[in-house]
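Worksheet for the structure shown next.
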Amino acid sequence: MAFESLSDKLQNVFKNLRSKGRLTEADVKASLKEVKMALLEADVNFKVVKQFINSVTERAVGQDVMNSLTPGQMVIKIVNEEMVALMGSETTEIKLNNSNELTVIMMAGLQGAGKTTTSAKIAGKLKAKGRKPLLVACDVYRPAAIKQLQVNGEKQGVPVFSMGDHQNPVDIAKAAIEHAKNNDLNVVILDTAGRLHVDETMMEELANIQKAIKVDQTIFVVDAMTGQDAVNVAKSFNEQIELDGVILTKMDGDTRGGAALSIRAVTGKPILYVGMGEKLSDLEQFYPDRMASRILG
Ligand code: GDP
């Protein structure tokens with residue numbers, strides 16, 4: 001299960017805090033040191049951990065907390081609040097234009113992150129909301145990608161636009177927009193190509209799409225299991241093709257928590273959804289407060 005080890009460690013720290021009546025500053029600092037270690041072991045970005053512990057310490061080591069009736073409880077509450085803040089406080093939605101105007105969403109990320117699957121998951125969510133999505137196969141390098149998108153589109157009852165694998169993605173995107181306009185569809189979802197590592201060609205291709213057409217939302221899809229790597233990749237994508245939001249996939253696996261806890265702080269971009277499995281219904285809205293509760297137990 002995700003976050004298991006982090007949750008266990010934090011719960012131990014909290015148990016100790018609760019069991020004490022009065023707390024000294026040294027008690028609080030010792031507990032926060034354990035929280036720090038647990039976060040680092042969960043692969044949370046070092047700078048993020050430092051900042052987080054500073055914020056908690058500033059609030060927790062004061063007379064208000066020390067003199068309260070339940071100081072341990074107060075410290076736990078502060079950790080919870082700061083963790084929610086770290087993940088963005090509020091739930092953020094994919095921003096859509098009015099239904100009578102086309103919205104173009106570009107999905108970006110490394111190969112295997114879950115772009116194709118997540119594109120179809122999102123299409124299903126939008127369809128359920130009464131939108132008319134079109135899935136577009138812009139991944140012309142991975143042979144199976146077009147077929148995979150077609151299969152998933154069919155499962156979702158969403159049309160898929162493809163021009164085979166001999167056209168360039170910019171032309172495909174342009175043609176798809178025409179197709180959407182001519183067929184009364186109002187959201188275009190571009191499933192783009194990923195590579196195994198961040199590279200120039202991939203970034204250029206994405207930047208070219210952004211230059212050639214009006215992309216309303218650029219969404220970064222990333223495998224939560226890759227921890228700090230996920231965060232570093234998100235950072236470099238955001239520097240080169242500004243992102244609007246992030247989707248963390250494979251949160252059903254035993255991810256340690258590093259990506260979920262660091263990505264917002266490092267990139268400044270909100271997590272929109274989390275992928276919770278391979279089925280096309282396995283996509284959940286991201287709620288920072290619920291995620292914090294899950295981690296803190
Ligand atoms: P792409 O290369 O980025 O388009 O990645 P795919 O959409 O092909 O996904 C790669 C693999 O990850 C596939 O086997 C998917 O079924 C799987 N996958 C995608 N999202 C999730 C998720 O949230 N949980 C799990 N367990 N698997 C996922």
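The values are calculated or read from the model by the stated rules, or taken from the named source; none is laboratory data. Quick caveat: nothing in here was measured; it's all calculated off a predicted structure. Methodologically, a virtual Cβ is constructed for each residue, glycine included, from the backbone with ideal geometry; neighbour enumeration extends over all protein chains shown.
Here Asp254 fulfils each of the conditions (1) within 16 Å of the ligand (Cβ to nearest atom); (2) touching a Gly at 6+ places or on another chain (Cβ under 7 Å); (3) within 23 Å of Leu196 (Cβ to Cβ) apart from (2).
Test of understanding: among Ala224, Ala292, which residue is in contact (Cβ under 8 Å) with a residue 40 or more places away in the chain and away from the ligand (no atom under 14 Å from the Cβ)? Testing whether each residue is in contact (Cβ under 8 Å) with a residue 40 or more places away in the chain and away from the ligand (no atom under 14 Å from the Cβ) leaves just Ala292. Filtering the range 32-60 to residues that are touching a helix residue (DSSP H, G or I) at 6+ places or on another chain (Cβ under 6 Å), acidic (Asp, Glu) and part of a helix (DSSP H, G or I) leaves only Glu34.
Evaluate the following for Thr249: is it within 13 Å of the chain's Cα centre (by Cα), hydroxyl-bearing (Ser, Thr, Tyr), modelled with pLDDT of 95 or more and within 12 Å of the ligand (Cβ to nearest atom)? Show your work before the answer.
Details: within 13 Å of the chain's Cα centre (by Cα): yes; hydroxyl-bearing (Ser, Thr, Tyr): yes; modelled with pLDDT of 95 or more: yes; within 12 Å of the ligand (Cβ to nearest atom): yes.
Criteria met by Thr249.
Only a single criterion out of (1) modelled with pLDDT under 95; (2) surrounded by fewer than 19 Cβ atoms within 10 Å (Cβ to Cβ) is not satisfied by Thr255, namely (2). Pairs are defined by a Cβ separation below 8 Å, a sequence spacing of at least 6 or placement on different chains, a first member in the range 202-214 that is over 12 Å from Cys138 (Cβ atoms), and a second member that is in a helix (DSSP H, G or I) and of a type in the set (S, T, N, Q); the pairs so defined are Met203/Gln240; Ala207/Gln240.
Got at least one residue in the range 86-106 being over 21 Å from Tyr287 (Cα atoms) and in contact with a Phe, Trp or Tyr (Cβ under 9 Å, 6 or more places away or on another chain)? No. Selection of the range 118-132 for residues being touching a residue at least 60 places away in the same chain (Cβ under 8 Å) and either charged (D, E, K, R) or more than 20 Å from Ala173 (Cβ to Cβ) (or both) yields Lys121, Gly124, Lys125. Inside the range 167-212, can you point out the residues that are at pLDDT below 95 and among the basic types (Lys, Arg)? Within the range 167-212, Arg195 is the sole residue that qualifies. Checking each residue in the range 85-107 for being away from the ligand (no atom under 15 Å from the Cβ), touching a Ser or Thr at 6+ places or on another chain (Cβ under 9 Å) and among the hydrophobic types (A, V, I, L, M, F, W, C) picks out Ala85, Leu86, Ile94, Leu96. Scanning the range 133-184 for residues that are touching a Phe, Trp or Tyr at 6+ places or on another chain (Cβ under 9 Å), in contact (Cβ under 8 Å) with a residue 24 or more places away in the chain and of a type in the set (A, V, I, L, M) yields Leu134, Leu135, Val136, Ala137, Ile172, Ala176, Ala180. The set of residues in the range 186-200 that are closer than 14 Å to Gly109 by Cα and in a loop (DSSP other than H, G, I, E, B) comprises Thr192, Ala193, Gly194, Arg195, Leu196, His197, Val198, Asp199. Restricting attention to the range 53-79, the residues that are touching a residue at least 40 places away in the same chain (Cβ under 8 Å) and within 27 Å of the chain's Cα centre (by Cα) total 2. Applying the criterion of at least 3 residues that are within 9 Å of the ligand (Cβ to nearest atom) to the helices (runs of 4 or more DSSP H) found wholly in the range 108-185 leaves 115-128, 143-156.
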